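Undergrad: Pasting in a structure now, in structure tokens, and then I'll have a few things to ask.
The values are calculated or read from the model by the stated rules, or taken from the named source; none is laboratory data. All of these numbers come straight from a predicted model, not from anything done at the bench. As a convention, Cβ positions derive from the backbone with ideal geometry for all residues, glycine included, and neighbour counts pool all protein chains shown. All accessible areas refer to the heavy atoms of the entire protein, side chains included, with ligands and DNA or RNA removed. Shrake-Rupley method; radii C 1.70, N 1.55, O 1.52, S 1.80 Å.
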Amino acid sequence: MSNANFDLHVVARMTNRLIVGLFGAFLLAGMYIHFSFHFLTVFFLMLSVMNVFYLRVQKKHAILRNFGVLGQVRYMLEGVGPELRQYLFSSDTEERPFNRVERSEVYRKAKGVDSAMSFGSALNYDATEIKIRHSMYPTAAEDLEPFRITVGEERGLASAYTLTRPVMISAMSYGSLGAPAIRALGRGARMAGIPMNTGEGGHPKHHLMTGADLIFQMGTAKFGVRDEHGLLDDDKLRDLAALPEVKMVEIKCSQGAKPGKGGLLPREKITREISELRGVPMGQDVVSPPSHAECASPASTVEFIQRVQEVSGVPVGIKFCVGDPEEVRVLLEEMNHQRIYPDYMSIDGGEGGTGAAPKPYLDGFGMPLLPALCKVQRLLAELGVRDKLKVFAAGKLINAAKWVHGLALGADAIYTARGFMLALGCIQSLQCGNNTCPVGITTHDPDLQHGLDIEDKAERVKNYVEGVTHDFDELMRSLGVRSTRELSPAHLYVPPASILAPEIGA
Amino acid sequence: MTTTSSDVGSGRPSAGIVVLLWVAKLVAAGILGYAAILKLISHEHEIEIFTTLGWEPHGRFLIGGMEIVSAIMILVPQSALYGAFLGLGVMFGAMIGHLTALGLAGIHLALLVAVCCVIILYIRRHDATFIRNLWDR
Ligand SMILES: Cc1cc2nc3c(=O)[nH]c(=O)nc-3n(C[C@H](O)[C@H](O)[C@H](O)COP(=O)(O)O)c2cc1C
């Protein structure tokens, strides 16, 4: 409401007088010309009454007190501002966290339509975007090796799990997502032949119904496998890991959206179902501590990893967001000392998505994925741990080029959560924490869930995986490599203004 | 929705306020609904009035329609505020009609409805969505 050229206060005062004046004028017109003018009389009378209320009676809104109904216009515009910006005024590359160009690529992949673009890049091509270095000698299609990594092979596990596609569905709990979204994701994952992480929502009842391969995530509150004190209950974990669908277990140490922060499940949200799945009593708040009670030091963390490996009998990973790389170094040294290694490490970028997190954590905590990945990769190599485990990466890796970035910087496979939400039809209306998701993904409101057709969306999840994998294979051939193991940071061109420039020069 | 429909903006409305609100709603909706039905079934008294105003018959149906809509909206808690606003506008029109063309007989009912609408508007003022948007940010 600030404009130096004219004084809004004067304009508002004149408007407010004009309203009263028009009331009088139409009153006379109604009396002497035609009674129909009284429609306008009443209209301006109502405006005048509102004005008296705004200017004299109410005290909460300074703008309404000073400007009257004109001030109301401001609130109306502000109320529809987000929608107007998204639909009319934002350029294609402006929105966050994913701009329209990135989103529509996922939508097109999910719908199985061509995503070629014409005439040039819409991104800030020269300054910040990382480029992939192609080879003058692309790989022939028949020379490309099919993607294949086996998690747990380092320990020689009979239960080692083989991935045949470079991507997996990252952790999203039942709770943050509604049941139909979980079902659609699970079915899509099964059709595409990729595993799905359950998130920290406890016993994966809804995931299990889909028949997808599951990575069971154990959050700091150990929902689904906790004893009455919130510590790990070995028997429950053993039973769960014995389910044929549960292929791996992931210990979540931290998450990029809120590293170092626990959570609180308010008692109002604990329905009978949630209470059963998560293994918590009804009628009282449940606290997710910021870390696992069993993991108070590097030594006890490694011991806990070993315990989970022994109890579950399946490959076990840890998920964290890098804060101080030196802490990672100490943890790796401890692993070397005890000769215990997780079967994989999943690195979450500080840009990480979530259903809900406090704004300072969301915006201002944790290392961004690509530099974090570089650091971890270097530490792993330096300490001789690289060939003891696999590395997964998550953080906005939603298209084939981003997958190449992640794999070139050291990841063995890609995790994405929001990429799959977009494939489900997420329109990024940023309401995940409000139970009001307009497309029925992060809501438990049956009316809103009605919009999400499980069959149709499962198909889209599958199309998305296949579409991006197809792109990825093409990129691999243009890179002139035959398997992802050949990828290295040297395959990336990093412009000086990129976030990666301090790690890898151009 | 949870914190906004109270009498003074915080806490629960007292029992007295709730009773007053519902009395105002029932009186306003009752009179509005009755007047609307008379208009919509073309009662001869209404035809007379609207002939005097030069609005027969379309104006009669229009006003009757607005009255029945406002009566219903007043009874539904979520829309009471807006129903009362509409009802107040119609009653202003009725009062203008009585003061300028129809004579004062019968104006007391319009006044009564208008007062009830003002009561509803005042008690429910925190339901105004545009203002609430600002606070909920
Ligand atoms: C709706 C939603 C729920 C999530 N729930 C969990 C969770 O339960 N546990 C977890 O470790 N990460 C959770 N995450 C984080 C994701 O698994 C992932 O690490 C993060 O979103 C970054 O990946 P992306 O950029 O591909 O979305 C959630 C993310 C979203 C969007």
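Undergrad: Using only Cα atoms, locate the centre of region A:436-455 and the centre of region B:21-60, then give the distance between them in Å, rounded to an integer.
TA: For region A:436-455 versus region B:21-60, the Cα centre distance is 44 Å.
Undergrad: Over the Cα atoms of region A:125-248, Rg to Rh with Kirkwood Rh, two decimal places?
TA: Details: Rg = 18.5 Å, Rh = 16.8 Å.
We get a ratio of 1.10 for region A:125-248.
Undergrad: How far is helix A:38-52 tilted off the main Cα axis of chain A, in degrees rounded to 10, range 0 to 90?
TA: Its long axis makes an angle of about 60 degrees.
Undergrad: Suppose we keep just the DSSP beta bridges with both residues in chain A; what percent of those would be antiparallel, to 5?
TA: Values: 9 of 38 bridges.
For chain A, the DSSP antiparallel bridge percentage is about 25.
Undergrad: What accessible area per residue, rounded to a whole number of Å², is obtained for region A:8-79 using a probe radius of 1.4 Å?
TA: On the way: 4040 Å² over 72 residues.
Computed with neighbouring chains in place, this is 56 Å² per residue.
Undergrad: How big is Rg to Rh over region A:327-429, alpha-carbon atoms, Rh as the Kirkwood inverse-mean-distance radius?
TA: Taking Rh as the inverse mean 1/r over Cα pairs, Rg/Rh reads 1.02.
Undergrad: Which values of log₁₀ I(q)/I(0), to two decimal places, follow from the Debye formula for the protein assembly as shown at q = 0.08, 0.10, 0.11 Å⁻¹ with a uniform point scatterer at every Cα?
TA: For the protein assembly as shown, the Cα-only Debye profile gives -0.74, -0.94, -1.05.
Undergrad: Run the numbers for A:I63 and A:D235: contour at 0.36 nm per residue of separation, minus the present Cα-Cα distance, in nm.
TA: Working: separation 172, 0.36 × 172 = 61.92 nm, distance 6.18 nm.
So the extension gain works out to 55.7 nm.
Undergrad: I would also like to ask the following. How far apart, in nm, are two points set 7 Å out from the Cα along the Cα-to-Cβ line at B:V19 and at A:K111?
TA: Output for this residue pair reads 6.0 nm.
Undergrad: How much length is gained if the chain between A:S300 and A:D456 is pulled fully straight, taking 0.36 nm per residue apart and subtracting their Cα-Cα distance, in nm to one decimal?
TA: On the way: separation 156, 0.36 × 156 = 56.16 nm, distance 4.59 nm.
Full extension from A:S300 to A:D456 adds 51.6 nm.
Undergrad: Given the C-alpha atoms of region B:13-135, compute the convex hull and give its volume per residue in Å³.
TA: Once divided by residue count, the hull of region B:13-135 is 101 Å³.
Undergrad: Right, something else. For region A:49-107, what is the largest minus smallest coordinate of the Cα atoms on each principal axis, given in angstrom and ordered from greatest to least?
TA: 53, 16, 15
Undergrad: If you don't mind, another one. If you count, for every residue in A:75-83, the Cβ atoms of partner chains within 10 Å of its Cβ, what is the mean? Don't jump to the answer; show the numbers that get you there.
TA: Numbers: counts 7, 4, 1, 4, 7, 2, 1, 0, 0.
Average per residue, whole number: 3.
Undergrad: Need one number: nm distance between label points at B:E56 and A:D445, each 7 Å from Cα along Cα→Cβ, rounded to one decimal.
TA: 4.9 nm
Undergrad: Would you mind putting A:494-500, A:326-332 in packing order, based on average other-beta-carbon counts within 10 Å, highest first?
TA: Highest to lowest by the protection proxy: A:326-332, A:494-500.
Undergrad: Also, quick follow-up: Quick check: net charge around A:M282, other residues with Cβ under 9 Å of its Cβ, Lys/Arg +1 and Asp/Glu -1?
TA: Details: positive: A:R267, A:R272; negative: none.
Summing Lys/Arg as +1 and Asp/Glu as -1 gives +2.
Undergrad: Further, regarding this structure: What's the FRET efficiency of A:Y32 with A:N434 using the Cβ-Cβ distance as r and R₀ = 45 Å, to the nearest 0.05?
TA: Working: r = 55 Å, r/R0 = 1.21.
Using R0 = 45 Å, I get an efficiency of 0.25.
Undergrad: Once the convex hull of the alpha carbons of region A:227-342 is built, what does its volume come to per residue, in cubic angstrom? Don't skip to the end; give the middle numbers.
TA: Details: hull volume 13.1 nm³, N = 116.
Considering the Cα atoms of region A:227-342, their hull volume per residue is 113 Å³.
Undergrad: Shifting gears a bit: Gain in length, A:Y137 to A:A381, computed as 0.36 nm per residue apart minus the alpha-carbon separation, to one decimal in nm? The partial results should precede the final answer.
TA: Numbers: separation 244, 0.36 × 244 = 87.84 nm, distance 2.91 nm.
Length gained, A:Y137 through A:A381: 84.9 nm.
Undergrad: Treating the angle as unsigned and between 0 and 90°, give the value, to the nearest 10°, between the Cα long axis of helix A:69-84 and the longest Cα principal axis of chain A.
TA: It works out to around 30 degrees.
Undergrad: Given A:K111/A:K319; A:K109/A:K131; A:K111/A:K258; A:K396/A:K462; A:K109/A:K247, which pairs have Cα atoms separated by over 26 Å?
TA: From the list (A:K111/A:K319; A:K109/A:K131; A:K111/A:K258; A:K396/A:K462; A:K109/A:K247), the Cα-Cα distance tops 26 Å for A:K111/A:K319; A:K111/A:K258; A:K109/A:K247.
Undergrad: Only Lys, Arg, Asp and Glu count, each charged at its Cβ (+1, +1, -1, -1), so figure out the dipole size of region A:62-210 about its Cα centre, rounded to 20 debye.
TA: Working: 18 positive and 16 negative charges, 126 e Å.
Using Cβ point charges on Lys, Arg, Asp and Glu, region A:62-210 gives about 600 debye.
Undergrad: Let me ask something else about it. Would you mind checking the tilt of helix A:369-382 against the longest principal axis of the Cα atoms of chain A, expressed as 0 to 90 degrees and rounded to 10?
TA: Helix A:369-382 sits roughly 20 degrees off the main axis of chain A.
Undergrad: Under unit Cβ charges (Lys, Arg +1; Asp, Glu -1), what dipole magnitude, rounded to 20 debye, does the protein assembly as shown have relative to its Cα centre?
TA: Working: 62 positive and 65 negative charges, 292 e Å.
Value, rounded to 20: 1400 debye.
Undergrad: With a point put 7 Å past each Cα toward its Cβ, work out how far A:S483 is from A:V52 in nm, to one decimal.
TA: 8.4 nm
Undergrad: Let me ask you something else. Could you look at region B:69-123 and say what percent of its accessible area is carbon and sulfur, using a 1.4 Å probe and all protein chains?
TA: On the way: 1960 of 2370 Å².
The C+S portion of the solvent-accessible surface of region B:69-123 is 83 percent.
Undergrad: So what is the calculated 222 nm ellipticity per residue for the protein assembly as shown, using -39500 (n - 2.57) for each DSSP H run with n of 4 or more, over all residues, to the nearest 500 deg cm²/dmol?
TA: Values: 23 runs with 298 residues, N = 643.
Result for the protein assembly as shown, helices only: -14500 deg cm²/dmol.
Undergrad: Counting only the backbone N, which residues of region A:277-302 are under 13 Å from the spot 7 Å out from the Cα of A:D227 toward its beta-carbon?
TA: Counting backbone N atoms under 13 Å from the label point, the list is A:294.
Undergrad: Follow-up question, since we're still on this one. To the nearest whole number, what is the average tally of beta carbon atoms from other chains within 10 Å of the beta carbons of peptide A:37-46?
TA: On the way: counts 0, 9, 4, 0, 4, 9, 3, 0, 6, 5.
The per-residue average across the peptide is 4.
Undergrad: Same structure again: Give the separation of the Cα centroids, region A:475-506 to region A:61-114, in Å.
TA: Each part's Cα centre sits 35 Å from the other's.
Undergrad: When the convex hull of the Cα atoms of region A:413-506 is projected onto a plane and the area is averaged over all directions, what value comes out in nm²? The partial results should precede the final answer.
TA: Working: hull surface 34.1 nm².
Here the figure is 8.5 nm², rounded to one decimal.
Undergrad: Sort the following peptides by mean Cβ neighbour count (other Cβ atoms within 10 Å, averaged over residues), highest first: A:418-430, B:19-31.
TA: Working: A:418-430: 22.8, B:19-31: 18.5.
Taking the mean over residues of other Cβ atoms within 10 Å, the ranking is A:418-430, B:19-31.
Undergrad: Can you give the Rg to Rh ratio of region A:8-79, both from alpha-carbon atoms, with Rh computed by the Kirkwood formula?
TA: 1.06
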